[in-house]
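Enquirer: This structure is in structure tokens; I'll ask about it shortly.
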Amino acid sequence: MKTHKPVVISAICICLFLNFFLSSVSSRGQSLGGPQWGATIDRLQMSVSIDDSRKTDVPAFQVALRNAGEEDVILNLGIMLANGKVELPTRISFNVTDSTGKIRRFDFSDPRHGVVAGRVDDYIVPLRANSIYTLIIRSDQLWSPDSKDYGLKLAPGRYQITTQFEGSGAKAINIDMPGIKLMNFWSGKLQSNTIAIER
């Protein structure tokens, strides 16, 4: 029994259509499931999302920095204490906007390390081209300069949250590491995407 040419052509067209459609759905699913990024500033991008990996009573955020360029760079995220045993990303902050449009700023500040006694180093992160560095920041590690209290405490309602990073060169230049100031630090102000949450 011979197969008619129009039937074969129709079958090929249907297979091609299904292949294209399924590939399109797959790629869209990957883009929707991945992190959303803020604007690119001098090759660098920033992202914030809710961290659901740990089931705790303290909400946490996943903050990521991506080198979208073709050249390696170095980030100064804040300070390190006790020769790197404690890493504090003090150059990352949060802006929280409530439903009335009021914006509150929250800076990273771990209450366990409010008083610094001893050596301080820069929190240095080498970030290769096309690479991502991710941190988890808990809501109880945030400090409000306005209300002078710790913790991101949100009343019931809708909020929008963005994060910021302010990069600069080395600040804590110790006598045994004078050459650190010559490194290729990223300098500038960066803002993440915006996420919406409801309490």
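Enquirer: Within the set of other residues whose C-beta is less than 14 Å from the C-beta of Asp42, count the net charge using Lys and Arg as +1 and Asp and Glu as -1.
Expert: So the environment of Asp42 carries a net charge of -1.
Enquirer: Got a sec? Charge dipole of region 35-198, +1 on Cβ for Lys and Arg, -1 for Asp and Glu; which of Gly188, Met46, Ala60 is way out at the positive end?
Expert: With unit charges placed on the Cβ atoms, the residue in question is Ala60.
Enquirer: Long-range amide H contacts for Arg138: which residues qualify at under 5 Å (H placed 1.01 Å from N, peptide plane, sequence gap of 5 or more or a different chain)?
Expert: Phe61
Enquirer: Rank these for me by crowding, Glu166, Glu198, going from fewest to most other beta carbons within 10 Å.
Expert: Final ranking by Cβ density, sparse to dense: Glu198, Glu166.
Enquirer: Next question. Sorting Val73, Val125, Val86 on the 10 Å Cβ count, fewest up front, what's the list?
Expert: Placing the least packed residue first, the sequence is Val86, Val125, Val73.
Enquirer: Spelling out what I want: for every residue of region 137-148, take phi, set θ = phi - 60°, compute 6.51 cos²θ - 1.76 cosθ + 1.60 (Karplus), and round to whole Hz; glycine and proline get x.
Expert: 3J(HN,Hα) across region 137-148, in whole Hz: 10, 7, 5, 7, 9, 10, 10, 9, x, 6, 8, 6.
Enquirer: Each residue of region 68-82 in order: what ³J(HN,Hα) in whole Hz does its phi give by Karplus 6.51 cos²θ - 1.76 cosθ + 1.60, θ = phi - 60°, with x for Gly and Pro?
Expert: 8, x, 9, 10, 5, 8, 10, 10, 10, 8, x, 10, 10, 10, 6
Enquirer: Give me the percent relative contact order of region 35-198, please, defined on Cα pairs under 8 angstrom at least 6 residues apart.
Expert: The normalised contact order for region 35-198 reaches 30 percent.
Enquirer: With each label point set 7 Å from Cα along the Cα-Cβ vector, what nm distance links Gln160 and Gln191?
Expert: Going from the Gln160 label point to the Gln191 one covers 0.9 nm.
Enquirer: Residues with beta-carbon under 9 Å from that of Asn184, excluding Asn184: net charge, scoring Lys, Arg +1 and Asp, Glu -1?
Expert: -2
Any read-out appearing in this document is the output of simple, stated calculations on the displayed coordinates, not a laboratory observation. None of these values were measured; they are calculated from a predicted model. Cβ sites come from the backbone with ideal geometry, for glycine too, and all protein chains shown count toward neighbours.
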